[in-house]
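The values are calculated or read from the model by the stated rules, or taken from the named source; none is laboratory data. As the structure is a prediction and not an experimental result, all values here were calculated from the model. So basically every Cβ, Gly included, is an ideal-geometry build from the backbone, and we count neighbours across all protein chains shown. Quick note on the areas: whole protein, heavy atoms, side chains included, nothing else; ligands and nucleic acids left out. Shrake-Rupley method; radii C 1.70, N 1.55, O 1.52, S 1.80 Å.
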Amino acid sequence: MLLSQFLVLAAALFAFGIYGLLVRRNMVLILLSVELMLNAVNINLIAFESVLVSSEAIGQVFAIFVITVAAAEVGIGLAIVLMIFRNRKSANVDDLSLMRW
Amino acid sequence: MVASLSALYNLAILAAEDVSEEVLAGDGGWWADTAGIMLILPFVAFALILIFGKKLKHKGGEIAVAALAINLVWATVLLLMNANGGVLDQTTFEIGRIGSGLVFELGWVVDGLSILMFFLVNFVGLLVFVYALGYMKGDVRVDWFFAAFSLFAGAMLILVGAPNLVQLIIGWEGVGLASYFLIGFYWEDITNVKAGNKAFLTNKVADVGLILGAILVGVAVGSWDFGAIDFAAFEGAPELAAVASVGGLLLFLGAIGKSAQFPFHIWLPDAMAGPTPVSALMHAATMVTAGVYLMARMFPLFQYLAQNVRIVMIVIGTITLFGIGLLAIVADDIKKVLAYSTVSQLGYMMTAIAAGGYTAGMFHLLTHATFKALLFLGAGSVIHSVHSNNMSDMGGLRKFMPTTYWTWIVGALALSGIGLSGFWSKDEILAVMGEKGLSIVLWISIAGAFVTAFYMARATSLIFFGTYKGEGTPHESPRILTVPLVILAVPAALAGFLNIPGLSIPGLGNVTEWLAVRLVPMGDPHAVAINFGLAGIGLGVAILGAVVGWLIYHPDAETQLERDSFEIPVLYPLLRRKYYIDDLALGIVAFVKGPLARFVDWTNTYVLDGIVNGVGGLVKGLGVFVYDTLDQRGVDGVFNGLSAATDGAGSVVRRWQSGRIQQYAASFVAGVLILVALFVFVI
Amino acid sequence: MTFVDWVSAPVNWAFTIIGLAVLVSGFRVVTANNVVHAALYLVGALAGTAGLFLMLSAEFVAWVLVLVYIGAVIVLFLFGIMITRAPTGLDEGLSSDHKVLPAVLALAMFLMMAWASLDAFGAQVIASTGEPVPTEILGEALLGRFLIPFEIVSFVLLAALIGGITLARRDLSPAEEEERSAV
């Protein structure tokens, strides 16, 4: 196995995530895209870990941290989406262009 | 998979066989070896009450009482053994280890400090439980109340019996959890739920300090065992010395959260939402004393290494003992008067321990536990009969409730430091401060004694004298409520004799000897002889406070009738709003903004105005010059041109501010790409 | 390592299959016109990722991924979808109409990262031992060297928990509040 094959795969997933982030209108789907990007990061961490083989499995530890933080992010993100939905009856980012002149 | 299974086996075997036992001087024999039963019984009671409670006559209350009664046997025997020669023993079971170094153990430590706390928790706990049998009769969810109450006592015993910081944290969190259940016991009322949340979250914030401090100290020493930490501190181990200040400060943060010291005191008055027996137990023996206990348990760390943290502790303690005590003067809710008084007394203990008076602080904890439990149970008895917490609904109860009245008087005198137990312990704290040369702190403490006596005189007068202002006819409480009061009144009156300097009661010794039974010397500066000067001043100030309080709130005095109009202009509004600390704590923003804004306002009013006026005059002269000579002659034109340019640029740029997040994100990604390209190809 | 070497290793066949599955699912996550389908495709992508982790001898992380993501986070997402009443059927309006710029940006990002990876690690070989890294090592790292980050992350989770509750629960109107406190 080559290291780069994993890295390229992760890059592709990351690019998909960016595409989704920029194109999707529904906020839940945007969050899904963010998850995809975080997942790509995890692949990178694990792949590098298997090359460097640190005695403390640092790459894997950080992958676990990323997963934890991602879980927290989903929780807060969905709560925010929920609140916005409740107040504005819509989960579309297009309807949220309040931050402007 | 195989590996993890065998690890489980190892754990089971370890728990069964590898009972490591450190035998130390005067090991207490069978009683100390089995002392762990005190840590387990309340939890057994908890489970039994949940299972069988509903079917029993007292809804499980008898199980809770029985558990603590058995516990009290052990605690009493150990206390007597400790008084006659000392008991020092530790039994631990290894639960697991991290790597090869840090061992995680559960067990119990039996030494002077923990025995005192065992006795206190079980003694006060038992009386409060018996009291609760009568108090909670016919209330909702009584079985759940007693279950949570047992949990409360059990968690506290886990905490005080902990041989290491890890178990202490387990008990610590258990106490917090049980208090959350009990404060929000009447959850039908949303304010009680909010009070529970406030207590829990305030404590949680402080707990982060405790956990981080425990990690720091444990990793530095290589063990969480208190004995190991004590020795490391005693020997001045360099790895512990390196982290002692930070670790000590973090641990202290945890302690002031649990002990409701300034500025974490905000949760305690709200915690009065729980049933009164809960308040009594919480204020006397469990919960709030945990912080003081932690400081006493970790005392060698502060004594030998973290000297600089003690300054912080003294400052916080002094602010608390005086500032929060003042709040009790304006409270109308009888339980809040007592709550603020507790916070203030805990400030005394913290300050004493910080000043090096390990014994003085713990002795005050002991006496305070007895008289504060007495006062709270007395308040509960009054509330039980008046059906109101407000002192404005009481008055004249002396004639209706003689037993409650007389026991209350005992408690009030003890708390005020007039003659009874509180006098002796408070005097020792003053003596320690005097000996350490902390004269400012000493005078503030004496002023605090005045305040204490003042608000107790006020409360006594409002509750028991004058005419009854509430509804219905009050009556003396049933015997099951008054008997614990009478029993508690005995130690509240006499506990002071347990530690009169130089006096050693035959068969009991004194508290100084009890508490000296620790692994390393505590270096107690406690005076051998009574400091008659300070004692006299303390007593005189306390009597003065009581007299002044009585004169102002005397039932015949006009001021009691219209006591709302008796106000010290600036102070009282400030106190009514509790120094605005609760308001500040409502949000971090407010917390930062408030004082800052006020400071800025102050500088604005007093400093800047002067400067501004001076500078203003100068500038005005300059302005006249500039206007007349420069401005009018053509600069205007330039500025008009510039503003037109700005206007035009704005109308172009504002199109970019679309408010569409994804456009921003796209710009962000493009920016990242450009930056990466720059780094890769150019630099 | 020549192409022949690469192809002849069976583990690379597995990688190709799983990788393709991950890519296709990942692509469908961002293009599906049905919200529920998008979430389910994310499950596919994550499951494939877990498979990749297993190939990279990160057994523990793989199962954590399965448990936490597929088990919990996706369920949370499905709840989010249900509660916000996003159209669960086909819906063309899920994506905006301006697709070209995002596509160009994403492609540029991909090319940039792929180029950087190949340039730096093009020939680096992963010596696959097939043995999973013992969980013990991870545990010791988490409770040893990374103990404080571990505590902090757990505190972040707690904060997120409380924050989530605070944000998501409906504030009672004053009238309702009074009603509740009266009970």
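Quick notes
- Bridgeable lysines around residue B:194 (alpha carbons under 23 Å apart, same-chain partners fewer than 8 residues away excluded): B:204, B:258, B:335, B:336, B:578.
- Cα-based shape type of segment C:1-77, given that a ≥ b ≥ c are square roots of the gyration tensor eigenvalues and the cut on a/c is 1.5: oblate
- About the centre of its Cα atoms, segment C:134-183 shows a dipole size close to 180 debye [charges on the beta carbon of Lys, Arg (+1) and Asp, Glu (-1) only; nearest 20 debye].
- Taking amide hydrogens as placed 1.01 Å from N in the peptide plane, the amide H of residue B:418 sits under 5 Å from those of B:423, each at least 5 positions away in sequence or on another chain.
- Segment B:171-226 and segment C:47-74 have Cα centres lying 34 Å from one another.
- Rounded to the nearest Hz, the phi-derived 3J(HN,Hα) couplings of segment C:27-33 under the Karplus curve 6.51 cos²θ - 1.76 cosθ + 1.60 (θ = phi - 60°) are 5, 5, 4, 9, 10, 4, 9, where x marks glycine and proline.
- Within-12-Å neighbourhood charge of residue C:42 [Cβ basis; K, R +1; D, E -1]: 0
- Cα-based shape type of segment A:3-89, given that a ≥ b ≥ c are square roots of the gyration tensor eigenvalues and the cut on a/c is 1.5: oblate
- Under a Gaussian network description of chain C, with springs only between Cα atoms under 10 Å, the residue in C:101, C:143, C:167 that fluctuates furthest is C:167.
- Sequence of C:131, B:105, C:140 when ordered by accessible area, the most exposed leading, probe 1.4 angstrom: C:131, C:140, B:105
- Neighbours of residue C:76, meaning other residues whose beta-carbon lies under 12 angstrom from its beta-carbon, give a summed charge of -2 when Lys and Arg score +1 and Asp and Glu score -1.
- Between amide H atoms placed 1.01 Å from N, distances below 5 Å from residue B:59 occur with no residue 5 or more places distant or on a separate chain.
- The phi torsions of segment B:345-351, fed into the Karplus equation with coefficients 6.51, -1.76 and 1.60 and a -60° offset, translate into couplings of 5, 4, x, 4, 5, 4, 4 Hz, rounded to whole numbers, with Gly and Pro shown as x.
- Both radii come from the Cα set of chain C: Rg as radius of gyration, Rh as Kirkwood radius; their ratio Rg/Rh reads 1.07.
- Counting heavy atoms of the protein chains alone, residue B:647 has an accessible area of about 110 Å² for a 1.4 Å probe.
- Candidate cross-link partners of residue B:55 among the lysines, defined by an alpha-carbon separation under 30 Å and a same-chain spacing of 8 or more, comprise B:137.
- Sorting B:654, A:86, B:297 on solvent-accessible area from highest to lowest, probe radius 1.4 Å, gives B:654, A:86, B:297.
- Computed 3J(HN,Hα) for segment C:3-10, one whole-Hz value per residue from the Karplus formula 6.51 cos²θ - 1.76 cosθ + 1.60 where θ = phi - 60°, is 4, 5, 4, 5, 5, 6, 7, x, glycine and proline marked x.
- Under 5 Å, built H, 5+ apart or other chain: amide partners of residue B:466: B:396
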